[in-house]
1. Sort A:53-64, B:252-263 for me by packing, meaning the mean count of neighbouring Cβ atoms within 10 Å per residue, highest on top.
2. Rounded to the nearest 500, what is the 222 nm mean residue ellipticity of chain A from helices alone, with -39500 (n - 2.57) per DSSP H run of 4+ residues and division by all residues?
3. Working from Cα positions, state the angle (0 to 90°, nearest 10) between the long axis of helix B:15-30 and the longest principal axis of chain B.
4. Which length gain, in nm to one decimal place, applies between B:Ala81 and B:Ser290 when the Cα-Cα distance is subtracted from 0.36 nm times their residue separation?
5. Quick one: divide the alpha-carbon radius of gyration of the range B:247-304 by 2.2 N^0.38 Å and tell me what you get.
6. What percentages make up the Cα-Cα pair-distance distribution of chain A when the bins are 5 Å wide from 0?
7. Count the net charge of all other residues whose Cβ sits under 11 Å from the Cβ of B:Pro102, scoring Lys and Arg as +1 and Asp and Glu as -1.
8. With loop defined by DSSP as not H, G, I, E or B, and exposure as at most 13 other Cβ atoms within 10 Å, which is the longest segment of chain A clear of exposed trypsin sites (Lys or Arg not before Pro)?
Amino acid sequence: MFKNKLLISSVFLLAIGLQACKREGCTDPNALNYDANANKDVGCIYEAVHEVEMHFHPYVHGDALFEGNTYTIEGVATTLNYCRFYVSNIRLVNAAGEEIVAPEHYLYVQPDPDEYSLGDIPDGDYTAIRFDIGIDSATNHGDPSLYPLGDPLGAQSPNMHWGWLNGYIFLRIDGEADSNADGTPDDAFEMHIGTDDFLVSVEIPYDLTVSDQTENIFHMDANWEQLFVGVDLANDNTSHTTDNLTLANIIKNNIPNFIQAED
Amino acid sequence: MFQSKVIPSFLLSPVCIFCIPFYFLILSACSVDPDLKEDAVYTLPEGFPPLPIPDDNPITAEKIALGKKLFFDTALSIDSAISCGSCHKQQFAFSDDVAVSPGVEGRIGFRNAPSLANVAYYPELLKDGGTPTLETQVFVPLETHEEMGFNMVLLVERLRKDAAYVQEYNAVFGGEIQPFGIVRAIAAYERTLLSGYSAYDAYLQGDNHALNASEKNGMQLFFSDRLGCGNCHNGFLLTDNSYQCDGYFSDYTADPGRERITFDPADIGKFRVPTLRNIALTAPYMHDGSVASLEDIIDTYAVGGSGFENQSTLIQPFTLTNEERTDLISFLVSLNDYTFISDPEFAP
């Protein structure tokens, strides 16, 4: 009986105690006025954010790239059927030199469409954008069936994933090259670059003010001819990375010149 | 100190009075032992460890049925010509009797179709261990040019036009058809392909007459230090799942094996040690199916292999009398599971 009374009074005391401990403030850690001691939310103030886009305008020697069209690259008539790549780990560098991580972590970039959202980014001045061509190792070797169709990391057609290696194709170029100098590109080739060692980190200086005043877009040129510099398109034009590391490395070493801020 | 004597406040909350019926619901749902439920849809052979089942792919009868339907459906190949079952035939313990099975349009790849018996237990799939789960493995034959030559996006689009699949998928996984459930259904079916009813199993379970004198002698030889087969072919699947170069070949240029995955030259010529269960049912042999008989392999081991630079040091020369060789083969044949190859449960 005595125990019961003690219990009931304890509950009341606790309830009163809890009431007394309530501290008003903002309880959202993501808010500007977040109060770690607050336990009663009375409103938060958030940083102004706006959606930022990244556009990749595809070119070959300054001409717009359309998949299926033929271009002269490294002196060789070359039809480009598929030109696709992954962009990930996107960070904007602000005026203070701090990195702001873009909410959209993975972009599957195709010539069309060429506009990609990076999600909402805090207003302010930015001086550069950093990203990887490729996919981080943990995600690279994860399970692609976890993503629904339409997700950048989900199944794609054409394939952007090697089942037998359980890893993504970071960069895919399929086409035909004129291997016998008759002017007709009829030698089918595949350049499928991937595996962890082939992830390339890129930093591009770019002054962009994110605000509600303007469109907030990083305009990039994807200069596809740059990837072929030093490639013998007529004679040594196919690599699935592991079966032709030499060619894969030439392409990898060309990636820093591939994406440039639009003039 | 004070609070420790207090009943947790949420239990006293009036809201929770309304929770009581839900508590009963939750309790009754939990009272169904998931293991019991799963035992009803597959039978674990005696002596086998529990079936490893991923948290995101519990096995149900409906899922197995969907997986089996997909496994035997030619819709999985680009031209609807072949199914998984075209190369993994039950009569050969879900392997094939040709060196390299033809894919779509008669395309020939470079590896022998493996038996799917007990694949649930492999820590990694494929002969080189390139894919970590049965679920991710489904992408490989589906999308390999020399196998089904298809694409997951196109397969999903094809199946979404099939009213029966739409209904069955929704019943098992909920929602519209996605890669998620396609690979999980097939993997669930494959996990149930359990083979553990050979004469050797009966012998291990105490039936001394299950093996004859020749088979018993072959078993002694197999596990002897003299031959050392059991150094790699051990455990309930008669493999330790390690990657070894057995030195059967002297040149692995055409298929470097494990090196394809690790890029390590020391892995050239290494392949996962195969299970020897049903081995006499799964000829031809080796990674490329180029070897017709078990005798041929034993004779190569007997001379100590080719001496390829990455050959396992466990491959050492030995001598066998003709009778011993016959006994060793008899033991290997005793690993056949005739129940497995005739069980209608696994058939389309």
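The values are calculated or read from the model by the stated rules, or taken from the named source; none is laboratory data. Everything numeric here is computed off the predicted structure, so don't read it as measured data. Cβ coordinates were reconstructed from backbone atoms using ideal geometry, including for glycine residues, and neighbour counts include every protein chain displayed. Ligands, DNA and RNA are stripped out before the accessible areas are found, and what is left, the full protein with its side chains, is counted by its heavy atoms. Shrake-Rupley method; radii C 1.70, N 1.55, O 1.52, S 1.80 Å.
1. Going from most to least packed, we get B:252-263, A:53-64.
2. -4000 deg cm²/dmol
3. 30
4. 72.7 nm
5. That ratio works out to 1.20.
6. 1, 5, 11, 13, 14, 12, 10, 7, 5, 4, 3, 3, 3, 2, 2, 1, 1, 1, 0, 0, 0
7. Once all neighbours under 11 Å are counted, the net charge is -3.
8. A:24-263
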